[in-house]
Structure formats: C-alpha cells, structure tokens
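The structure under discussion appears below in the form of structure tokens.
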Amino acid sequence: MLEEKLKTIPHLPGSYQMRNKNNVIIYVGKAKDLYKRVNSYFKGNVYGKTEKLVSEIVDFTYITTQTEQEAFILELNLIKQYNPKYNILLKDDKSYPYIEYIRKPYPKLKVARYLNIKRKDNKTLFGPYPNTYAARKIVNLINRLYPLKKCETMPKRVCLFYHIGECLGYCEHNVDLDKLKKMENDILAFLRGNDKILKDKILEKIAYFSEQLNFEAALELKKELQYISVILDKQKVELHDYINRDIIGFYFLEGLVSVQILFIRNGKIVGGNNDRFYLISDVYDEVNSYLLNFYSRHEIPKEIIIPDILNQEILSNILKTNVLIPLKGKKKKLIDMANTNAKISLEQEVTIIKKDEKRSILANDELRNILKMDILDRIDSFDNSNLFGSYAVSGMVVFKNGKPAKSEYRKYKVSVDKNDDYNTMKEVIYRRYYRALLEKQEMPDLILVDGGENQIRACLDVLNDLHLRIRVCGLKKDDKHRTNQLIDENLELIDIPKSSDVFHYLTRIQDEVHRYTITYHKTLRDKGSISSILDNIDGIGNIRKKELIKKYGSIKRISEASIEEIKEIIPENIAHNLLDYLKDRENNLKNNN
C-alpha cells in the first residue's frame, strides 16, 4: 500500500505527517519537493533515530503549499498542534530572566521571567540573561546604589530602606521629579551599555563610606566593583552600534546536531542558548525549523546573524526581522565563535547523550519488547503514601519515550481510610482516568503501580468499569524493600536482570514517583503543623492564616521575617505577638533537646 502511495506524491513544496499504527502523528516535516523527501525515508539508507522512526510508520499524509516558506509555517503550526514524538519540541523550554525597569507609579527594578515577550507601557526589558546569578547581582547592586522602590506592596509608613538611604520613601513623601528623571536616565544608560555611569557611582559610594569610617561597607562595594568589571569585560565584543542581535552557529556529528545562539544586547554578550538533538531530516531544514520554533517562544532581536548555508529569505520573512549572512569582518568572526561553541558542546556531550539514550529511550524500547507491546510511548506511574499515619496521598509521574514529563505529574489527596491500600488505588485511578476521558486527555500505554497484586487488581477493576484497555504492571519488592520483579496484569512474574538497563529504568521511575509523592506528603504535613501553630495566636483567623502559609510556607521562614514584612498581612500588634510566640517556642524546643 505504501509503495503505491509513494508514487502518487507530487513534486511540490509542503508538509508531510508520518503516522503509526494508531493513526497518531509521530513526525511532521516539510520539503521543497514532497516526492523526493518522503520517498527518501523508504528507499534510501536510514540510520539511528530515522531508522527508529521509519520502523513505526504505517502511513503518511501530506499538505501541499505554493512556496517553501508556506511549508515552513505549516510545519511549525502542525508541530505545535500535534506535538509529535520525533520532532524537536522544546517541551522543557527555558524562560530566560530579564531585567525589568518599571516606571510608574514608582520606579522599580527587578528580575522577571517571560516565555513570550510582550512590550508593555511603563516597562522596559533588558536581556535575556541566561546567567540568572549575574542578572540578580546587577539588580541588587543598582538597588543599593539608587533609591528605587523596594517593596512589592505600598506600606503605610517608611521602612528600613528609607532610613538607610536606599529608598525615597514613596509611601509617605512627595518625590522630586527631576531627581527621579536623573536616576532613571543613569540606570537606563547603564543597562543600555554605558558602564562608566555605574562604576563612577560605586566609586562615589566607596568614597562616602570611607569618609564615614564605614570601611566594611566600602570593602563590600569594592568587591562588587571588581565583580562588575570582570563581568562587563568578558561580555564586550567588537561591535559598538548597540543593536540587539543574536548570532547563530551549529555543528553536526554522528546523527546529532548542536545549535548555539549567542545573545548580544547593547554591545555585550549577555549569554547564549545551546540545544542538541537527533537529526531526522536534512540538517539545514532541521536547523531552520528549530530557529522558527525557538523564536516563536522567545524575544526576536532587531538582527539575527546566520551562516550562509541557512535560508536567509525564509527566516527573515517569517520572523519579520533583519537576518544577515556576513561573509567577512567582525560579524563573520562572531559566526565562527558560535560554530566553535556548538562544536565544543556537541563533542563534549556526544558520549553522555548516547549513554542517556541507552538508559532511557533504548531501555524503554526494550521494556516494550519484554511486555510484547506494539507501542510504549507513555508510562503513568503511581505511588501511595501515608507516613506517620496521617495525610494519605498519592502521586503520579509520567515518562514519555523514556524521559520524565514533569509538566504532567499529578498529586492527589486521598479521601478513603489511610490504611486501605486497595481502595486508595481505586480512588486515584478513577479520578485520574475519568477526568482524562471527560477532557479527552492523552492516555498512557502502560500504568505502573508501586505495589503488588492488590494494587494491580484495584487498577484493573477501575479500568474495566471505565471501559479502558490499558496495560497494567506492578513492581514487586523483596524482603529488603528493593525492586525485585515485574508483575503483569495476569499476575505473572517477569524476571528482569538487575544489571540490565531495563531494571535501572524501572528503578528510576519507581524512585521518581516515590520522591514526588513523599515530597507532597511532607508539604501537607508541614502546612498542617504551620496551621496548628498559627491557631495559637489571637487575631489570626482562617483568611490571615492562609495568606501567611501562602507567602512563607514554613514556621522557619515566618520566624525569620521582619515586623514590616509580616504586618503587610496582619496588624502590627498581632505580628509582634506572633514573632514573640515563635521565639519562645524555639527556645523551649532547644531547652527540651
């Protein structure tokens, strides 16, 4: 059937979609010539990841377009819609920190994260800063040098920052607008590349503290000056036009490709992004598609500099920015730098990547063979916990294609008796998959329970009631509470050598679900103890108690907070009573120990 269908594909640009036996799209590609590209999968020599893809293809569909550019756009949209397992999905995408300057109602500087950049009135963003520590260091230093607003909310009275000269007291005092404008100009000028302003300000403060004989503060600022100087010197490049631009480089080896993006902002290299992935199609098409995917989630700079083998016209038209291909000069040297970084990154990591594939993707495939399953793309694993006889909970972790999919983890408070393991499992399985049916969520190929026959029966009872046909297995432990055997839904034992990758893979899943569930259990217990302690303080009702728990999360963090911070939630006299109570409680605990 496929052979006849392959002959009918037109010689036109477009996007093709590879499907498995369940008619699920497992790969989306694009081609300038659909006939040549799709036929290449079945008539040429394919290796590695492409060979694995082809082994799962039972059908394909395609959509023709008028131009190659339209094919790129269609491919990108279909990848977003279907999330195919063999495409570069950037699922655990980074949201890079930016330095955000807020003008109104009062000037404020902070580190903020944005996955999709949208410019807003009264806010100016600088970045991205892949080095979060450096971004926070810069913000903290500017906040020390300039009297910006520090509080998240507006207090009723001036706080400590006002008294030490690090805030103008916006809550109580009218502020000189000229002074605000001068401060804003200095800060923005520095963030846009004028290093001298900040260095001069630090030297001015050092001189002031020295005159006041505050040598400790002066020494601390001197160290900050040295740090800032080193950071800024490392960032400098030979371009002095202060245009925000990205530099693209890549390198491929042994079926893997490494893409390096260098971020240049205001004439400085503020960091970069490196991703490595397996090649399925033509390397240049894969890199072009990767860049379109990347910039659909991140800030698009005014200029992107690419190697001459990438598609300048398509990238420029789709991203709607200036895309350049330098053949010589300083910009060409930056391309060489990005290519070198991509090469070093891949050569250093290729062994690790191959090893990781062996212990995850290949181990998952081996488990599929052991269980005689046609498809094993997704595993849902469950664990129950009722440590210390309280707060019965369950946790579910998800592994997709051998890797944890943390965004799909779920946790459950259990309503049944804490010692009833059978009905605990029934409740959790019912809640999970009844909702999945209602919301048409993705179903697993395998459910893995962290227990033996009892939990398997509970799971199967619920699945049968819901008319779901999902494989179920349990992990049986030995008398030393170590994973020993795999039990299938027929309650038959499957021996797995402890030295095998499959055994280590199953152990990794088991450890992950146990860690996740225990962490949730501990969180509930900690919140329960906070709640009971706060009940001892007059004036703290349910609403204030919830706000304190939400903001601080632990008794330790509450006891370390200042009166000024706590009185944003509760009145000052109650805040004093609370901290006094916690201090007495801590002293009593120390004396008893």
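Laboratory data are not the source of any read-out in this text; all were calculated from the coordinates shown. Treat the numbers as computed from the prediction; the structure is a model and nothing was measured. Methodologically, a virtual Cβ is constructed for each residue, glycine included, from the backbone with ideal geometry; neighbour enumeration extends over all protein chains shown.
Here are a few things to note about the model shown:
- Over the chain, DSSP H runs of length four or greater, each weighted -39,500 (n - 2.57), average out per residue to a 222 nm ellipticity of -15000 deg cm²/dmol.
- Across the stretch 535-592, the convex hull enclosing all Cα atoms gives 76 Å³ per residue.
- D_trans [Stokes-Einstein, Kirkwood Rh over alpha-carbon pairs] for the stretch 285-357, 10 °C, 1.306 mPa s, µm² s⁻¹: 115
- For trypsin sites (Lys or Arg not before Pro), the sites in the stretch 189-228 that DSSP calls loop and that have at most 16 other Cβ atoms within 10 Å are R192.
- The P(r) of the stretch 97-235 has a tail past 23 Å containing 37 percent of all C-alpha pairs.
- Restricting attention to the chain, close to 80% of DSSP beta bridges with both partner residues there are antiparallel.
- For the stretch 535-592, the tally of Lys pairs with Cα-Cα distances below 25 Å comes to 14, considering only residues 8 or more apart or on different chains.
- Separation between Cα centres of the stretch 419-448 and the stretch 1-74, rounded to whole Å: 36
- 25 Å Cα-Cα threshold exceeded, pairs from K80/K400; K52/K477; K440/K476; K21/K49: K52/K477; K440/K476
- Average Cα contact separation per residue, the stretch 245-359, under 8 Å, 6 or more apart, as relative contact order %: 33
- Using Cβ point charges alone (K and R +1, D and E -1), the dipole size of the chain about the Cα centre works out to roughly 1320 debye.
- All Cα pairs of the chain, percent lying beyond 39 Å: 49
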